[in-house]
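Some notes on the structure that comes next.
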Ligand SMILES: [Zn+2]
């Protein structure tokens with residue numbers, strides 16, 4: 001994500017929900033690695049009331065103040081495995097220099113809880129500052145409907161990849177439970193959420209799935225921005241995909257496209 005320019009300095013955070021098999025063999029799997037596995041003094045860190053259906057789950061999560069530029073060189077410092085408790089979490093492994101999970105921990109816990117309700121295969125939450133999506137959210141007062149239709153109409157692949165659309169939250173202070181709650185609400189009906197004037201987050205069954213979502217949305221945002229710049233016209237004054245075209249794609253995919261019925 002750093003190579004993409006999406007995670008400047010300490011921007012961005014990622015979490016992965018371990019499978020039952022992975023969770024049952026953490027200690028053995030980490031043997032001989034630079035991760036420390038903690039067998040005692042696993043103090044509970046209180047964060048929020050954790051939804052019951054994710055209590056006990058294990059998350060591999062990035063640290064607050066970690067840098068994606070160097071994270072791959074020192075994952076044992078910049079990531080850790082936590083187990084969710086009724087009020088927060090306990091550190092099970094990693095964070096060997098004492099770092100803590102990302103300040104967006106509210107969002108990560110609540111996002112996993114929201115997506116697990118609609119998709120039992122859900123595993124990954126990624127947040128970053130994908131450049132073109134951020135620019136797009138600064139140009140106009142975008143809404144979930146306007147952004148979804150703009151990005152769908154400039155690149156056929158968009159509706160194929162995110163046929164459930166892209167949700168937009170108005171600007172909010174990052175790292176708060178409020179932004180976590182609002183994000184989780186949108187994740188009940190979308191896999192991609194834009195935080196206006198800040199960044200984007202995606203959810204999915206694996207990392208490729210999440211990267212693919214953001215790559216496609218960011219590419220479409222780039223095309224839309226260029227289209228506006230080159231033509232000097234609004235998106236829909238150009239020769240873009242019509243709602244009728246988009247409905248045809250939905251018919252092939254066998255999905256109900258949002259916002260396509262006038
Ligand atoms: Zn951010």
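Does residue 150 satisfy the condition of being assigned to a helix (DSSP H, G or I), within 26 Å of residue 48 (Cβ to Cβ) and either outside the structural domain of residue 234 (by the TED database) or more than 15 Å from the ligand (Cβ to nearest atom) (or both)?
Here the answer is no, as residue 150 does not meet what is asked.
Could you list all residues from the stretch 110-121 that are farther than 13 Å from residue 186 by Cβ and crowded, with 22+ Cβ neighbours inside 10 Å?
Answer for the stretch 110-121, where residues must be farther than 13 Å from residue 186 by Cβ and crowded, with 22+ Cβ neighbours inside 10 Å: just 112.
Considering each residue of the stretch 26-42, count those that are at pLDDT 90 or above and surrounded by 11 or more Cβ atoms within 10 Å (Cβ to Cβ), and give that number.
Going through the stretch 26-42 one residue at a time, the tally reaches 10.
Restricting to the stretch 196-209, name every residue that is more than 15 Å from residue 182 (Cβ to Cβ) and either surrounded by fewer than 24 Cβ atoms within 10 Å (Cβ to Cβ) or at pLDDT below 95 (or both).
Result: 204, 205, 206, 207, 208, 209.
For residue 145, state whether it is surrounded by fewer than 23 Cβ atoms within 10 Å (Cβ to Cβ), in contact with a helix residue (DSSP H, G or I) (Cβ under 9 Å, 6 or more places away or on another chain), outside the structural domain of residue 12 (by the TED database) and in contact (Cβ under 8 Å) with a residue 60 or more places away in the chain.
Against the criterion (surrounded by fewer than 23 Cβ atoms within 10 Å (Cβ to Cβ), in contact with a helix residue (DSSP H, G or I) (Cβ under 9 Å, 6 or more places away or on another chain), outside the structural domain of residue 12 (by the TED database) and in contact (Cβ under 8 Å) with a residue 60 or more places away in the chain), residue 145 does not qualify.
The values are calculated or read from the model by the stated rules, or taken from the named source; none is laboratory data. Being a predicted model, the structure only gives us computed values, none of them experimental. Counting neighbours? That spans all protein chains shown, and the Cβs are built from the backbone with ideal geometry, glycine included.
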